[in-house]
Amino acid sequence: MVEDKLETMGKYKIFNKKISGPFTIPAGLVTTEVSTLEKIANEIPEIGILTTKSIGPEPREGNREPIIAQYSPFSFINAVGLTNPGVEEFRKRISKIKIPPDKFLLTSIFGSNEKEFKEVAEKLVELTDGFELNISCPHSDKYGQAVGQDNAIVEKITKSIVSLGKPVFVKISPNLDVKETVKAAIRGGVSGITAINTKGPELYKYRVEGGWRPVLSNKVGGVSGKAILELGLTSVNKIRELTDLPIIACGGISTKAEVERYKEAGANFFGIGSALSGMNTEEIKQYFHDLLINLEEGTNNAASLLKEKLNMDYQKYTV
(Lines give C-alpha, C1' and ligand atoms only; values in the text may rest on other atoms or scores of the structure.)
Protein backbone atom coordinates (compact mmCIF):
# COMPACT_ATOMS: atom_id res chain seq x y z
CA MET A 1 0.00 0.00 0.00
CA VAL A 2 1.36 3.41 -0.97
CA GLU A 3 1.75 5.65 2.07
CA ASP A 4 -0.65 8.57 2.09
CA LYS A 5 1.49 11.67 1.51
CA LEU A 6 -1.29 14.26 1.58
CA GLU A 7 -1.01 15.02 5.26
CA THR A 8 -0.70 18.10 7.40
CA MET A 9 1.92 20.61 6.24
CA GLY A 10 5.37 19.73 7.61
CA LYS A 11 4.75 15.97 7.76
CA TYR A 12 5.81 15.08 4.23
CA LYS A 13 8.83 12.86 3.87
CA ILE A 14 11.07 11.75 1.03
CA PHE A 15 13.42 9.00 2.12
CA ASN A 16 14.62 10.15 5.56
CA LYS A 17 14.13 13.86 4.98
CA LYS A 18 11.10 15.83 6.14
CA ILE A 19 9.97 18.28 3.47
CA SER A 20 7.50 21.14 3.45
CA GLY A 21 5.05 19.91 0.82
CA PRO A 22 4.16 17.26 -1.78
CA PHE A 23 4.73 19.32 -4.93
CA THR A 24 7.57 20.07 -7.32
CA ILE A 25 7.93 22.06 -10.51
CA PRO A 26 9.46 19.64 -13.04
CA ALA A 27 12.74 20.37 -14.79
CA GLY A 28 11.87 22.90 -17.46
CA LEU A 29 11.31 26.54 -18.28
CA VAL A 30 10.28 27.73 -14.83
CA THR A 31 13.37 26.32 -13.09
CA THR A 32 15.93 27.46 -15.68
CA GLU A 33 17.52 30.10 -13.44
CA VAL A 34 19.04 29.29 -10.05
CA SER A 35 17.70 32.61 -8.74
CA THR A 36 14.18 31.44 -9.59
CA LEU A 37 14.81 28.15 -7.82
CA GLU A 38 15.93 30.05 -4.71
CA LYS A 39 12.80 32.21 -4.80
CA ILE A 40 10.60 29.13 -5.05
CA ALA A 41 12.51 27.49 -2.19
CA ASN A 42 11.98 30.42 0.14
CA GLU A 43 8.49 31.56 -0.80
CA ILE A 44 6.40 28.49 -1.70
CA PRO A 45 6.24 26.05 1.23
CA GLU A 46 3.94 23.66 -0.61
CA ILE A 47 6.84 22.82 -2.94
CA GLY A 48 8.94 20.34 -0.99
CA ILE A 49 11.05 19.01 -3.86
CA LEU A 50 13.17 21.51 -5.81
CA THR A 51 13.88 20.08 -9.24
CA THR A 52 16.54 21.89 -11.24
CA LYS A 53 16.80 22.44 -14.96
CA SER A 54 18.62 19.51 -16.61
CA ILE A 55 22.37 20.09 -16.35
CA GLY A 56 24.91 18.60 -18.75
CA PRO A 57 28.70 18.40 -18.96
CA GLU A 58 29.05 21.47 -21.20
CA PRO A 59 27.07 24.70 -21.74
CA ARG A 60 24.27 24.45 -24.31
CA GLU A 61 22.45 27.40 -25.84
CA GLY A 62 19.60 25.15 -26.89
CA ASN A 63 17.23 25.91 -29.72
CA ARG A 64 16.43 29.40 -30.92
CA GLU A 65 12.98 30.86 -30.33
CA PRO A 66 10.22 29.88 -30.65
CA ILE A 67 10.80 26.95 -28.31
CA ILE A 68 7.32 26.54 -26.82
CA ALA A 69 3.74 27.01 -27.98
CA GLN A 70 0.29 26.30 -26.60
CA TYR A 71 -1.84 24.42 -29.12
CA SER A 72 -4.91 23.78 -26.94
CA PRO A 73 -5.94 24.74 -23.38
CA PHE A 74 -3.21 23.69 -20.92
CA SER A 75 -1.43 21.66 -23.62
CA PHE A 76 1.95 22.65 -25.02
CA ILE A 77 4.62 21.57 -27.45
CA ASN A 78 8.20 22.51 -26.65
CA ALA A 79 11.75 21.94 -27.79
CA VAL A 80 13.98 23.89 -25.42
CA GLY A 81 17.06 21.98 -26.51
CA LEU A 82 18.44 21.21 -23.03
CA THR A 83 19.57 24.81 -22.53
CA ASN A 84 21.90 24.99 -19.53
CA PRO A 85 25.09 26.73 -18.37
CA GLY A 86 27.09 23.51 -18.04
CA VAL A 87 28.02 21.74 -14.83
CA GLU A 88 30.95 24.00 -13.89
CA GLU A 89 28.94 27.21 -14.05
CA PHE A 90 25.88 25.60 -12.47
CA ARG A 91 28.03 24.41 -9.58
CA LYS A 92 29.18 27.98 -8.95
CA ARG A 93 25.63 29.31 -9.04
CA ILE A 94 23.95 26.64 -6.92
CA SER A 95 26.68 26.84 -4.26
CA LYS A 96 25.86 30.52 -3.67
CA ILE A 97 22.23 30.04 -2.70
CA LYS A 98 20.80 28.78 0.55
CA ILE A 99 18.32 25.93 0.35
CA PRO A 100 15.98 25.66 3.38
CA PRO A 101 16.39 22.43 5.37
CA ASP A 102 12.83 21.35 4.63
CA LYS A 103 13.46 21.15 0.87
CA PHE A 104 14.82 18.21 -1.12
CA LEU A 105 17.11 19.47 -3.91
CA LEU A 106 16.72 17.12 -6.86
CA THR A 107 19.31 17.93 -9.52
CA SER A 108 18.32 16.87 -13.03
CA ILE A 109 21.31 15.78 -15.11
CA PHE A 110 21.90 14.50 -18.63
CA GLY A 111 24.69 13.13 -20.78
CA SER A 112 25.18 11.08 -23.91
CA ASN A 113 26.70 8.13 -22.04
CA GLU A 114 27.57 6.81 -18.58
CA LYS A 115 30.86 8.72 -18.49
CA GLU A 116 29.18 12.08 -19.07
CA PHE A 117 26.41 11.41 -16.54
CA LYS A 118 28.97 10.51 -13.88
CA GLU A 119 31.17 13.50 -14.72
CA VAL A 120 28.24 15.82 -14.04
CA ALA A 121 27.07 13.97 -10.93
CA GLU A 122 30.51 13.85 -9.31
CA LYS A 123 30.82 17.63 -9.54
CA LEU A 124 27.44 18.18 -7.89
CA VAL A 125 27.13 15.32 -5.42
CA GLU A 126 28.08 17.41 -2.38
CA LEU A 127 25.60 20.14 -3.29
CA THR A 128 22.44 18.14 -3.86
CA ASP A 129 20.08 15.82 -2.00
CA GLY A 130 19.59 13.58 -5.01
CA PHE A 131 19.76 13.23 -8.78
CA GLU A 132 17.14 12.89 -11.47
CA LEU A 133 18.48 11.19 -14.60
CA ASN A 134 17.04 12.71 -17.77
CA ILE A 135 16.97 9.74 -20.12
CA SER A 136 13.67 10.78 -21.66
CA CYS A 137 13.80 14.17 -23.43
CA PRO A 138 12.26 13.24 -26.82
CA HIS A 139 13.75 15.83 -29.19
CA SER A 140 17.54 15.59 -28.85
CA ASP A 141 19.81 13.66 -31.20
CA LYS A 142 22.13 12.09 -28.64
CA TYR A 143 20.66 12.85 -25.22
CA GLY A 144 17.51 11.98 -23.30
CA GLN A 145 15.35 9.42 -25.06
CA ALA A 146 18.23 8.58 -27.42
CA VAL A 147 20.01 7.21 -24.33
CA GLY A 148 16.93 5.84 -22.58
CA GLN A 149 15.90 3.59 -25.45
CA ASP A 150 18.72 1.17 -24.54
CA ASN A 151 17.81 -0.54 -21.28
CA ALA A 152 21.31 -1.93 -20.77
CA ILE A 153 22.63 1.64 -20.83
CA VAL A 154 19.84 2.79 -18.48
CA GLU A 155 20.89 0.14 -15.98
CA LYS A 156 24.57 1.03 -16.34
CA ILE A 157 24.04 4.78 -15.90
CA THR A 158 21.72 4.29 -12.94
CA LYS A 159 24.18 1.97 -11.20
CA SER A 160 27.01 4.43 -11.80
CA ILE A 161 25.19 7.40 -10.26
CA VAL A 162 23.75 5.35 -7.40
CA SER A 163 27.35 4.44 -6.45
CA LEU A 164 27.93 8.09 -5.46
CA GLY A 165 25.70 7.60 -2.43
CA LYS A 166 22.79 9.97 -3.11
CA PRO A 167 19.19 8.98 -3.97
CA VAL A 168 18.60 8.66 -7.70
CA PHE A 169 15.36 9.14 -9.62
CA VAL A 170 15.06 8.11 -13.26
CA LYS A 171 12.73 10.22 -15.39
CA ILE A 172 10.74 7.95 -17.67
CA SER A 173 9.73 8.46 -21.30
CA PRO A 174 6.13 7.59 -22.23
CA ASN A 175 7.35 6.92 -25.77
CA LEU A 176 9.26 3.79 -24.76
CA ASP A 177 8.25 0.62 -22.91
CA VAL A 178 7.68 2.11 -19.46
CA LYS A 179 7.84 -1.17 -17.56
CA GLU A 180 11.06 -2.29 -19.24
CA THR A 181 12.74 1.05 -18.57
CA VAL A 182 11.71 0.90 -14.92
CA LYS A 183 12.95 -2.67 -14.61
CA ALA A 184 16.33 -1.58 -15.97
CA ALA A 185 16.46 1.31 -13.49
CA ILE A 186 15.55 -1.04 -10.63
CA ARG A 187 18.36 -3.39 -11.64
CA GLY A 188 20.65 -0.37 -11.41
CA GLY A 189 19.51 0.34 -7.85
CA VAL A 190 17.30 3.36 -8.51
CA SER A 191 15.71 5.09 -5.51
CA GLY A 192 12.60 6.51 -7.21
CA ILE A 193 10.88 7.20 -10.52
CA THR A 194 9.71 10.42 -12.15
CA ALA A 195 6.91 9.84 -14.65
CA ILE A 196 6.47 11.13 -17.23
CA ASN A 197 8.52 13.31 -19.54
CA THR A 198 6.97 14.82 -22.65
CA LYS A 199 5.40 12.76 -25.44
CA GLY A 200 6.79 12.81 -28.93
CA PRO A 201 8.54 14.21 -30.77
CA GLU A 202 5.56 15.64 -32.62
CA LEU A 203 5.20 18.30 -35.28
CA TYR A 204 2.68 21.14 -35.24
CA LYS A 205 2.34 23.73 -37.98
CA TYR A 206 0.49 27.02 -38.27
CA ARG A 207 -1.16 28.54 -41.29
CA VAL A 208 0.76 31.12 -43.33
CA GLU A 209 0.09 32.58 -46.73
CA GLY A 210 0.46 29.78 -49.22
CA GLY A 211 0.65 26.91 -46.73
CA TRP A 212 1.83 25.86 -43.28
CA ARG A 213 4.96 26.50 -41.22
CA PRO A 214 6.32 24.61 -38.15
CA VAL A 215 5.37 26.27 -34.85
CA LEU A 216 8.80 25.62 -33.31
CA SER A 217 12.23 26.51 -34.65
CA ASN A 218 13.25 22.89 -34.04
CA LYS A 219 10.17 21.80 -36.04
CA VAL A 220 9.41 18.89 -33.69
CA GLY A 221 8.97 18.98 -29.92
CA GLY A 222 7.61 17.18 -26.90
CA VAL A 223 3.97 17.48 -25.87
CA SER A 224 3.19 18.38 -22.25
CA GLY A 225 0.25 19.37 -20.11
CA LYS A 226 -3.34 18.24 -20.27
CA ALA A 227 -2.76 16.38 -23.55
CA ILE A 228 -0.66 13.75 -21.77
CA LEU A 229 -2.70 13.36 -18.58
CA GLU A 230 -4.15 9.95 -19.40
CA LEU A 231 -0.78 8.72 -20.65
CA GLY A 232 0.81 9.87 -17.40
CA LEU A 233 -1.81 8.14 -15.28
CA THR A 234 -1.42 4.90 -17.22
CA SER A 235 2.35 5.06 -16.86
CA VAL A 236 2.24 5.69 -13.10
CA ASN A 237 -0.18 2.80 -12.67
CA LYS A 238 2.17 0.48 -14.60
CA ILE A 239 5.13 1.59 -12.50
CA ARG A 240 3.26 1.07 -9.24
CA GLU A 241 2.50 -2.49 -10.31
CA LEU A 242 6.26 -3.11 -10.43
CA THR A 243 7.62 -1.33 -7.38
CA ASP A 244 6.95 0.42 -4.07
CA LEU A 245 9.60 3.07 -4.77
CA PRO A 246 8.55 6.74 -4.54
CA ILE A 247 6.98 8.13 -7.71
CA ILE A 248 6.95 11.79 -8.73
CA ALA A 249 4.03 12.17 -11.14
CA CYS A 250 4.15 14.75 -13.95
CA GLY A 251 1.81 15.36 -16.85
CA GLY A 252 -1.44 17.28 -16.98
CA ILE A 253 -1.90 18.22 -13.32
CA SER A 254 -3.76 21.49 -12.82
CA THR A 255 -6.37 20.95 -10.09
CA LYS A 256 -6.98 18.70 -7.09
CA ALA A 257 -8.85 16.27 -9.34
CA GLU A 258 -5.69 15.35 -11.26
CA VAL A 259 -3.62 15.13 -8.07
CA GLU A 260 -6.16 12.74 -6.60
CA ARG A 261 -6.20 10.63 -9.77
CA TYR A 262 -2.41 10.37 -9.78
CA LYS A 263 -2.42 9.55 -6.07
CA GLU A 264 -4.93 6.77 -6.73
CA ALA A 265 -2.68 5.48 -9.53
CA GLY A 266 0.18 5.24 -7.05
CA ALA A 267 2.06 8.54 -7.07
CA ASN A 268 3.62 10.00 -3.92
CA PHE A 269 4.62 13.46 -5.13
CA PHE A 270 3.27 15.72 -7.86
CA GLY A 271 5.00 17.84 -10.49
CA ILE A 272 3.15 20.82 -11.93
CA GLY A 273 4.54 22.83 -14.85
CA SER A 274 2.28 23.58 -17.82
CA ALA A 275 -0.60 24.67 -15.58
CA LEU A 276 1.54 27.58 -14.32
CA SER A 277 1.69 29.16 -17.77
CA GLY A 278 0.72 32.83 -17.72
CA MET A 279 0.85 33.18 -13.94
CA ASN A 280 3.04 35.78 -12.25
CA THR A 281 5.07 35.00 -9.13
CA GLU A 282 2.33 35.97 -6.70
CA GLU A 283 -0.26 33.93 -8.57
CA ILE A 284 2.00 30.87 -8.55
CA LYS A 285 2.45 31.23 -4.78
CA GLN A 286 -1.31 31.56 -4.30
CA TYR A 287 -1.99 28.65 -6.65
CA PHE A 288 0.12 26.15 -4.68
CA HIS A 289 -1.27 27.46 -1.39
CA ASP A 290 -4.83 27.00 -2.61
CA LEU A 291 -4.15 23.63 -4.21
CA LEU A 292 -2.93 22.07 -0.98
CA ILE A 293 -5.92 23.47 0.89
CA ASN A 294 -8.19 22.09 -1.85
CA LEU A 295 -6.75 18.62 -1.27
CA GLU A 296 -7.22 18.85 2.48
CA GLU A 297 -10.68 20.43 2.48
CA GLY A 298 -12.25 19.22 -0.77
CA THR A 299 -12.52 22.72 -2.25
CA ASN A 300 -11.41 23.74 -5.75
CA ASN A 301 -10.46 27.43 -5.74
CA ALA A 302 -6.94 26.88 -7.17
CA ALA A 303 -8.64 26.29 -10.52
CA SER A 304 -9.68 29.95 -10.65
CA LEU A 305 -6.02 30.97 -11.06
CA LEU A 306 -5.45 28.90 -14.20
CA LYS A 307 -4.93 30.95 -17.38
CA GLU A 308 -6.87 29.27 -20.13
CA LYS A 309 -5.89 30.69 -23.51
CA LEU A 310 -7.68 30.40 -26.81
CA ASN A 311 -6.60 27.65 -29.17
CA MET A 312 -4.27 28.82 -31.91
CA ASP A 313 -4.56 27.83 -35.54
CA TYR A 314 -2.24 24.85 -35.23
CA GLN A 315 -2.44 21.58 -37.07
CA LYS A 316 -0.73 18.38 -36.03
CA TYR A 317 1.44 16.64 -38.59
CA THR A 318 2.70 13.08 -38.43
CA VAL A 319 6.48 12.88 -38.31
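The values are calculated or read from the model by the stated rules, or taken from the named source; none is laboratory data. Only a predicted model underlies this, so the values are computations on that prediction, with no experimental measurement involved. Backbone-built Cβ (ideal geometry, glycine too); neighbour counts: all protein chains shown.
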Scanning the stretch 81-112 residue by residue, the ones that are in a loop (DSSP other than H, G, I, E, B), out of contact with any Lys or Arg (no Cβ under 9 Å at 6 or more places or on another chain) and not basic (Lys, Arg) total 5
Among the residues of the stretch 116-145, which ones are polar (S, T, N, Q) and over 28 Å from ASN218 (Cα atoms)? THR128
If we keep just the residues of the stretch 104-115 that are out of contact with any helix residue (DSSP H, G or I) (no Cβ under 6 Å at 6 or more places or on another chain) and closer than 13 Å to ASN84 by Cβ, which is surrounded by the most Cβ atoms within 10 Å (Cβ to Cβ)? PHE110
For the stretch 231-265: of the residues being closer than 11 Å to LYS199 by Cβ and not aliphatic (A, V, I, L, M), which is surrounded by the fewest Cβ atoms within 10 Å (Cβ to Cβ)? GLY252
Can SER163 be described as surrounded by 18 or more Cβ atoms within 10 Å (Cβ to Cβ), without any contact (Cβ under 8 Å) to a residue 40 or more places away in the chain and among the hydroxyl-bearing types (Ser, Thr, Tyr)? no
Search the stretch 278-289 for residues being of a type outside the set (Val, Ile, Thr) and surrounded by fewer than 20 Cβ atoms within 10 Å (Cβ to Cβ), and hand back the single one that is nearest to LYS238 (Cα to Cα). HIS289
Mind listing just one residue for me: the one in the stretch 120-139 that is charged (D, E, K, R) and part of a helix (DSSP H, G or I) and, of those, surrounded by the most Cβ atoms within 10 Å (Cβ to Cβ)? LYS123
Every listed condition ((1) closer than 21 Å to SER277 by Cβ; (2) modelled with pLDDT of 95 or more; (3) assigned to a loop (DSSP other than H, G, I, E, B)) holds for LYS166 save (1)
What are the residues in the stretch 43-66 that are assigned to a loop (DSSP other than H, G, I, E, B) and under 17 Å from the mean Cα position of the chain (by Cα), if any? GLU46, GLY48, THR52, LYS53, SER54, GLY56
Among the residues of the stretch 212-223, are any surrounded by fewer than 22 Cβ atoms within 10 Å (Cβ to Cβ) and farther than 19 Å from VAL80 by Cα? yes
If you take the residues in the stretch 140-160 that are closer than 20 Å to THR243 by Cα and crowded, with 24+ Cβ neighbours inside 10 Å, which one is nearest to the chain's Cα centre (by Cα)? GLY148
Residues satisfying the stated conditions in the stretch 259-291, i.e. within 13 Å of PHE23 (Cα to Cα) and free of Cβ contacts under 8 Å to residues at least 24 places away in the same chain: TYR287, ASP290
Would you please list the contacts, defined by Cβ atoms under 6 Å and residues six or more apart or on different chains, that run from a residue in the stretch 45-59 that is closer than 15 Å to PHE270 by Cα and touching a residue at least 60 places away in the same chain (Cβ under 8 Å) to a residue that is among the aliphatic types (A, V, I, L, M) and crowded, with 24+ Cβ neighbours inside 10 Å? GLY48/ILE19; ILE49/LEU106; THR51/ALA27; THR51/LEU106
Just the residues that are surrounded by fewer than 21 Cβ atoms within 10 Å (Cβ to Cβ) and either among the basic types (Lys, Arg) or within 13 Å of PHE90 (Cβ to Cβ) (or both), please, taken from the stretch 31-73. THR31, THR32, GLU33, VAL34, SER35, LYS39, PRO57, GLU58, PRO59, ARG60, ARG64
Restricting to the stretch 74-87, and then to whatever is buried (at least 18 other Cβ atoms within 10 Å of the Cβ) and β-branched (Val, Ile, Thr), can you tell me which residue is modelled with the highest pLDDT? VAL87
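Here's the yes/no breakdown for (1) of a type in the set (Val, Ile, Thr); (2) touching a Gly at 6+ places or on another chain (Cβ under 7 Å); (3) within 27 Å of LEU105 (Cβ to Cβ):
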site	(1), (2), (3)
LEU229	no, yes, no
ALA249	no, yes, yes
SER254	no, no, yes
VAL259	yes, no, yes
LYS263	no, no, yes
ALA267	no, no, yes
SER274	no, yes, yes
THR281	yes, no, yes
LYS285	no, no, yes
